[in-house]
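Undergrad: The following block contains the structure, expressed as structure tokens.
The values are calculated or read from the model by the stated rules, or taken from the named source; none is laboratory data. If you're wondering where the values come from, they're calculated on a predicted model, not measured in any experiment. Backbone-built Cβ (ideal geometry, glycine too); neighbour counts: all protein chains shown. Areas reflect the complete protein model, heavy atoms only, side chains present, ligands, DNA and RNA absent. Shrake-Rupley method; radii C 1.70, N 1.55, O 1.52, S 1.80 Å.
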Amino acid sequence: KLALSRPVTAAVNQLKSRMSVLLRRRSFVALALLGLLNGLLPCGLVYVACAGAAAIGGILAGAQYMAAFGVGTVPMMLAISLSGKLVPTSLRLKLVKTIPVCVFLLATLLILRGLSLGIPYFSPDMSGAAASCCHK
């Protein structure tokens with residue numbers, strides 16, 4: 001375990017230093033390269049899209065699925081990146097502090113829904129007759 005962690009740590013440190021150089025350049029090529037590298041970061045939505053692409057049956061169809069997913073994210077990502085300058089720094093700092101709270105609330109809601117406790121809207125009963133409401 002320890003023998004493997006040293007090369008991985010060295011590789012991550014090397015990548016971080018190269019990325020910091022790109023961040024300081026602020027050229028179009030540097031930012032485009034950073035955007036491409038950003039695609040290598042783990043993301044739950046990308047993993048779900050990859051699972052959908054793998055299940056679609058075929059390399060070309062899977063590639064089209066992932067391309068459509070990528071194109072679908074462009075408008076929101078662009079809007080977020082451009083709107084960041086419109087939000088005052090003090091408000092951005094307050095929003096950053098609320099992110100863990102929002103993640104906790106979403107996780108709690110998902111766990112409650114998965115428990116199927118019979119609470120309307122929060123944890124509906126998904127077993128038995130309630131789950132087959134749409135079948136005739």
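Undergrad: How many of the residues in the range 29-46 are loosely packed, with under 10 Cβ neighbours inside 10 Å and at pLDDT 85 or above?
TA: Result for the range 29-46: 2.
Undergrad: From I99, I111, grab the single residue that is open to solvent by 60 Å² or more (accessible area, probe 1.4 Å) and over 26 Å from M19 (Cβ atoms).
TA: I111
Undergrad: So how many residues does the range 93-121 have that are of a type in the set (F, W, Y) and assigned to a helix (DSSP H, G or I)?
TA: 1
Undergrad: Working only within the range 50-62, note down all residues that are open to solvent by less than 60 Å² (accessible area, probe 1.4 Å), assigned to a helix (DSSP H, G or I) and either touching a Ser or Thr at 6+ places or on another chain (Cβ under 8 Å) or more than 24 Å from V103 (Cβ to Cβ) (or both).
TA: A53, A61, G62
Undergrad: Picking from T89, T73, which residue would you name as being out of contact with any His (no Cβ under 9 Å at 6 or more places or on another chain), surrounded by 10 or more Cβ atoms within 10 Å (Cβ to Cβ) and either of a type in the set (S, T, N, Q) or touching a residue at least 24 places away in the same chain (Cβ under 8 Å) (or both)?
TA: Within the list T89, T73, the selection yields T73.
Undergrad: A further question on this structure: Any residue at all in the range 82-89 that is at positive phi and outside any helix (DSSP H, G or I)?
TA: no
Undergrad: Does any residue in the range 20-49 that is assigned to a helix (DSSP H, G or I) come within less than 8 Å, Cβ to Cβ, of a residue that is small (G, A, S) and surrounded by 10 or more Cβ atoms within 10 Å (Cβ to Cβ) six or more places away or on a different chain, and which pairs are these?
TA: Once the first residue is assigned to a helix (DSSP H, G or I) and sits in the range 20-49, its partners that are small (G, A, S) and surrounded by 10 or more Cβ atoms within 10 Å (Cβ to Cβ) give L22/A30; L23/A30.
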